[in-house]
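First the structure, which I've put down as structure tokens, then a few questions once you've had a look.
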Amino acid sequence: MGRQERQGSTFDAGRRYVRICRRRPDGFIEFEFSIGDPELAVELMLPESAFHEFCLANEVIVLDPATSDQGDWVSRLNDASRQGFEDAV
């Protein structure tokens, strides 16, 4: 298998990114974390103090929050999947 790269971009495993999705009233922060490519992320949730420690330990680059006009595809997909699951129960 060959290594694939997007045209015009380079994958850098040393770069880590965080995008805050939501600050919850119970003190938790929902965020996306990615390594090397901010477009490929996992969703995580931590208490605020642990979130700050996580960011410091990983030396993250903080990205601007996604706005609805940017087409927050991941958020919309998650909302749709939760809705479908709730309807099935």
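The values are calculated or read from the model by the stated rules, or taken from the named source; none is laboratory data. Values in this document were obtained by computation on a predicted structure and should not be read as measured data. Cβ sites come from the backbone with ideal geometry, for glycine too, and all protein chains shown count toward neighbours. Accessible surface areas use protein heavy atoms only, side chains included; no ligands, DNA or RNA. Shrake-Rupley method; radii C 1.70, N 1.55, O 1.52, S 1.80 Å.
Quick one: count up the residues across the range 34-66 that are aliphatic (A, V, I, L, M) and in contact (Cβ under 8 Å) with a residue 24 or more places away in the chain. Explain how you work it out, then say what you get.
Step one: list which residues in the range 34-66 are aliphatic (A, V, I, L, M), which gives 35, 40-42, 44-46, 50, 56-57, 60-63, 66.
Applying the additional criterion that residues be in contact (Cβ under 8 Å) with a residue 24 or more places away in the chain yields 41, 60-63, 66.
Here the count works out to 6.
Sticking with this one: For F54, state whether it is surrounded by 12 or more Cβ atoms within 10 Å (Cβ to Cβ), among the aromatic types (F, W, Y) and in a helix (DSSP H, G or I). If you could, list the steps in order and put the result at the bottom.
Details: surrounded by 12 or more Cβ atoms within 10 Å (Cβ to Cβ): yes; among the aromatic types (F, W, Y): yes; in a helix (DSSP H, G or I): yes.
So F54 passes the test.
Filter the range 22-51 for residues that are assigned to a loop (DSSP other than H, G, I, E, B) and surrounded by 13 or more Cβ atoms within 10 Å (Cβ to Cβ); which is modelled with the lowest pLDDT? Even if it seems obvious, please write down each step before you answer.
Looking only at the range 22-51, we keep the residues that are assigned to a loop (DSSP other than H, G, I, E, B), and these are 24-27, 36-41.
Those left that are additionally surrounded by 13 or more Cβ atoms within 10 Å (Cβ to Cβ): 36-38, 41.
Values: G36: 94, D37: 92, P38: 89, A41: 94.
Within the range 22-51, the match that is modelled with the lowest pLDDT is P38.
When only residues in the range 69-89 that are open to solvent by 100 Å² or more (accessible area, probe 1.4 Å) and under 21 Å from P25 (Cβ atoms) count, which is modelled with the highest pLDDT? Explain how you work it out, then say what you get.
First, pick out the residues of the range 69-89 that are open to solvent by 100 Å² or more (accessible area, probe 1.4 Å): 69-70, 73, 76, 82, 85-87, 89.
Still in the running and under 21 Å from P25 (Cβ atoms): 82, 86.
Details: R82: 67, E86: 57.
Checking each candidate, the answer is R82.
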